[in-house]
1. Restricting attention to segment 170-177, does a residue exist that is in contact with a helix residue (DSSP H, G or I) (Cβ under 7 Å, 6 or more places away or on another chain), within 19 Å of residue 364 (Cβ to Cβ) and in contact (Cβ under 8 Å) with a residue 24 or more places away in the chain?
2. Looking at 139, 151, 130, 155 in this structure, which one is acidic (Asp, Glu), in contact with a strand residue (DSSP E or B) (Cβ under 6 Å, 6 or more places away or on another chain) and assigned by TED's automatic domain parsing to the domain that holds residue 17?
3. Enumerate the pairs (first residue in segment 262-281 and near the ligand (Cβ under 10 Å from one of its atoms); second residue anywhere and assigned to a loop (DSSP other than H, G, I, E, B) and polar (S, T, N, Q)) with beta-carbon separation below 6 Å, excluding pairs fewer than 6 apart on the same chain, so at least 6 apart or on different chains.
4. Select from segment 287-314 the residues that are more than 8 Å from the ligand (Cβ to nearest atom) and of a type in the set (Gly, Ala, Ser) and write down the one among them that is surrounded by the most Cβ atoms within 10 Å (Cβ to Cβ).
5. Considering only segment 136-158, state which residues are of a type in the set (A, V, I, L, M) and in contact with a helix residue (DSSP H, G or I) (Cβ under 9 Å, 6 or more places away or on another chain).
6. I'd like the full set of residues that are over 26 Å from the mean Cα position of the chain (by Cα) and surrounded by fewer than 16 Cβ atoms within 10 Å (Cβ to Cβ), limited to segment 396-426.
Amino acid sequence: MLTAQVLSRHLDTVTVLERDVLPDGPRQRRGQPQARHGHILWSSGARVVDGLLPGTIDRLLAAGARRIMFQRDLVTLTSHGWQHRFPSRQFCLMCSRPLMDWTVRDQVVSAGRVRVRQRAEAVELSGGGDRVTGVRVRDVETGAESALAADLVVDATGRGSRLRHWLAALGLPPVEEDVVDAGMAYCSRLYKAPPGATTAFPPVNISPDPRDGRPGRFGVVHPQEGGVWMVTLAGTRGARLPSDDAEFTEYARSLRDPLVADLIASAEPLTPLFVSHFGANRRLYPERLERWPEGLLVIGDALAAFNPIYGHGMSSAALGAAALDELLGGPRPWSAAAAQRAAGAAADDPWIIAAARDIEYVGCRTTATDPRLLGEAETRRHFADVLTTRSLRSPAVSALVTDAASLSVPQSALGSSEFMALMARDEPLPELTGPPLAAAELAAAGLRPRDAVGADG
Ligand SMILES: Cc1cc2nc3c(=O)[nH]c(=O)nc-3n(C[C@H](O)[C@H](O)[C@H](O)COP(=O)(O)OP(=O)(O)OC[C@H]3O[C@@H](n4cnc5c(N)ncnc54)[C@H](O)[C@@H]3O)c2cc1C
């Protein structure tokens, strides 16, 4: 929808083909199974969304979304220890994915420049290897097929994209693909939060430490609109996700800290368990093909999909849309190959963040050509160790690491000489020995204080 909004600023007619029925409100739908799991929108993506569709953030907040300032408003156990709750420039929006999508879609559709055809499935590309001239569309209700001509076709069909087959049918050579698959899977369920706890208790993230050589187990509790907690338990290959209530509680208890288990112990479950196995990092490299057809662009998860634990998919798609906006607003003529390069560049940081971390998990399956993932593993690990350890306890280091983690500055900022000087100067605070929770927060969730650990928040 964001890309459709961008295109409507530069082109005459924009038609979105959607296989699904789109609900007229913030409700789940078949074509987006991932919406049953927690979604955060990082500040980089939120700024793009609000720039393209002014007022979206306010609408989301009015509907119950929360604006969480990193690291001040969160409680996080990283691989290297507990994170101090420093203030920073970055935030994320937390709400259900259906609310996020509906709010964006409603703004785009009400503006009246984008037409949405529901129950319309794109089945193949028309044209040839030099130029794509449209798509064949199947009416999902009747099965009837028809041709839709277009100057530009954008594949935004998500992780299940059939682009590689479609390109082969046009006679183009295979697009190279990198996969880094730590076997990540997710199990989520909604709970009724204790009264007031969705606003008075911080989101919680508990991560594993891949250095221990065991499958990674994660747990998060994220507040959403309507006074509910989205509780997600996740694991890398071999972590054995829960399949019933008892295993859910047991798994939460097995994390590196019992906070998630303590929170759900007396909370009321509202839904069954939903499981997703879409956790692999996968990236296409259309920009490496010697020729790319005019009139075709691939974006979003169809181009590059990441392990969702880093929360980058929607922001990456938004940044891709922003890059396209810039290109289309620049000098003409522009080529599809240039647009594809811009989309690939926008996906590069979230790709390398996720792929470089996931490759460290035991049992990770990798077929990658990205030179940054090959060789020099020790140097990469050492840098990641130093960075994570320092950002837990140093406010200035944490601020810049959060800028990069939120995709608000390029990853390369973390290798700059200014950053190295900052690392040398910044005085770290003492290490935290437990979750940094204030007395009022503990009370809001009905938890008893553990040994005093002190909260900066
Ligand atoms: C468990 C999980 C948790 C996640 N958490 C986060 C998070 O916290 N933060 C974040 O930013 N991202 C998160 N993501 C990633 C995020 O969901 C995706 O990055 C994002 O939805 C990608 O958007 P998209 O438009 O490219 O694809 P999608 O959202 O998948 O949309 C694709 C659309 O295309 C339609 N479609 C498919 N094929 C066709 C066809 N042939 N013809 C017509 N229509 C078609 C589908 O019905 C669907 O509506 C998570 C993903 C998962 C799996």
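The values are calculated or read from the model by the stated rules, or taken from the named source; none is laboratory data. Remember, predicted model here, so these are calculated numbers, not experimental data. Because the Cβ atoms are built from the backbone with ideal geometry, glycine has one as well, and the counts that use them run over all protein chains shown.
1. No, that holds for no residue.
2. 155 is the lone residue from the list that is acidic (Asp, Glu), in contact with a strand residue (DSSP E or B) (Cβ under 6 Å, 6 or more places away or on another chain) and assigned by TED's automatic domain parsing to the domain that holds residue 17.
3. What qualifies is 279/307.
4. 304
5. 152, 154, 156
6. In the first step, residues of segment 396-426 are kept if they are over 26 Å from the mean Cα position of the chain (by Cα); the result is 417-418, 420-426.
Listed by number, the residues that qualify are 417, 418, 420, 421, 424, 425.
Residues are listed down the side, and each one gets a yes or a no for (1) part of a helix (DSSP H, G or I); (2) of a type in the set (Val, Ile, Thr); (3) assigned by TED's automatic domain parsing to the domain that holds residue 6:
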position	(1), (2), (3)
290	no, no, yes
326	yes, no, yes
333	no, no, yes
339	yes, no, yes
352	yes, yes, yes
366	no, yes, no
382	yes, no, no
389	yes, yes, no
396	yes, no, no
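Yes/no per residue for (1) under 30 Å from residue 366 (Cα atoms); (2) surrounded by 19 or more Cβ atoms within 10 Å (Cβ to Cβ); (3) out of contact with any Pro (no Cβ under 6 Å at 6 or more places or on another chain):
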{"position": "190", "(1), (2), (3)": "no, yes, yes"}
{"position": "193", "(1), (2), (3)": "no, yes, yes"}
{"position": "201", "(1), (2), (3)": "no, yes, yes"}
{"position": "232", "(1), (2), (3)": "yes, yes, yes"}
{"position": "242", "(1), (2), (3)": "yes, yes, yes"}
{"position": "249", "(1), (2), (3)": "no, no, yes"}
{"position": "269", "(1), (2), (3)": "no, no, yes"}
{"position": "285", "(1), (2), (3)": "yes, no, yes"}
